Amino acid sequence: MSTQIRRLDELNEPIIRRKALSARNEGSMMTVIDAGEYGLLVTDEPEAHGGSGEGPSPLQTVVGALCGCEAVTFSRTAAELGFAYRGIEFEAEYTIDIRGRMGHPEVRPHFQTVRVQALVDSDEPEQRLAAVVAETERRCPVFNLLRDAGVRLDMHWVRAPRDTARDPGAAR
């Protein structure tokens, strides 16, 4: 065993974090995902698409993972940069050309576009928000996974401080 003090730029070896889960599908559209200590998740398709409607579609969970990952990465980045905020509200949507999932060789089977609106409750200036967003998007694994897959990502970050005079419940 050894202890060393190093500068960040001296780190040559990757720091790998391993996470695991298991998933089970019983020959239907529904899959139960066991995330261990974090419980069970269910993905499914709506009844109109042949599923039982027991949970969000796998594609919805990917978009939800994008929002969650952006939130976690934003939180860490904001803390590092001393950016004060009270929360983020996300709304997201996606488009997909289902011909790709049906086997059409000319059409990719994943998202065409993903659009996210993130309302950041903060009194910080927009320039500071822009700096946190740029670093968040540089670091966010799910954002980069989708971007690297060629998905058109339309991210709309909006500085939206709550008016506590009109909304007393907004004060935290």
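Coordinate-derived values only; no laboratory data. Note that the coordinates shown come from a computational prediction; the quantities given were computed from them, not determined experimentally. Cβ atoms come from the backbone with ideal geometry, glycine included; neighbour counts cover every protein chain shown.
Annotations
- Close amide H partners of W157, meaning residues 5 or more places away or on another chain with modelled amide H under 5 Å apart, are A118.
- Entry note: the chain has Rg to Rh equal to 1.04, where both radii use alpha-carbon atoms and Rh is the Kirkwood radius.
- Segment I15-E126, extension gain: residue separation times 0.36 nm, minus the distance between their alpha carbons: 36.6 nm
- Cα centroid separation - the stretch 101-169 against the stretch 29-96, whole Å: 13
- At most 12 other Cβ within 10 Å, DSSP loop - GluC sites (Glu not before Pro), the stretch 77-172: E106
- Cα-centred dipole magnitude for the chain, charges only on beta-carbon of K, R (+1) and D, E (-1), debye, nearest 20: 460
- The antiparallel fraction among DSSP beta bridges confined to the stretch 68-172 stands at about 55%.
- Cα→Cβ-extended label distance, 7 Å offset, between R108 and A35, nm: 2.6
- Karplus-based coupling profile of the stretch 18-24, in residue order and whole Hz: 9, 10, 9, 8, 10, 9, 9, with θ = phi - 60° in 6.51 cos²θ - 1.76 cosθ + 1.60 and x standing for Gly or Pro.
- If you plug the beta carbon distance of R7 and R139 into 1/(1 + (r/R0)^6) with R0 = 22 Å, you get a FRET efficiency near 0.65.
- Counted by Cβ distance under 12 Å from P109, the other residues give a net charge of +1, where Lys and Arg count +1 and Asp and Glu count -1.
- Less than 5 angstrom separates the built amide H of G87 from those of D121, all sequence-distant by 5 or more or on a different chain.
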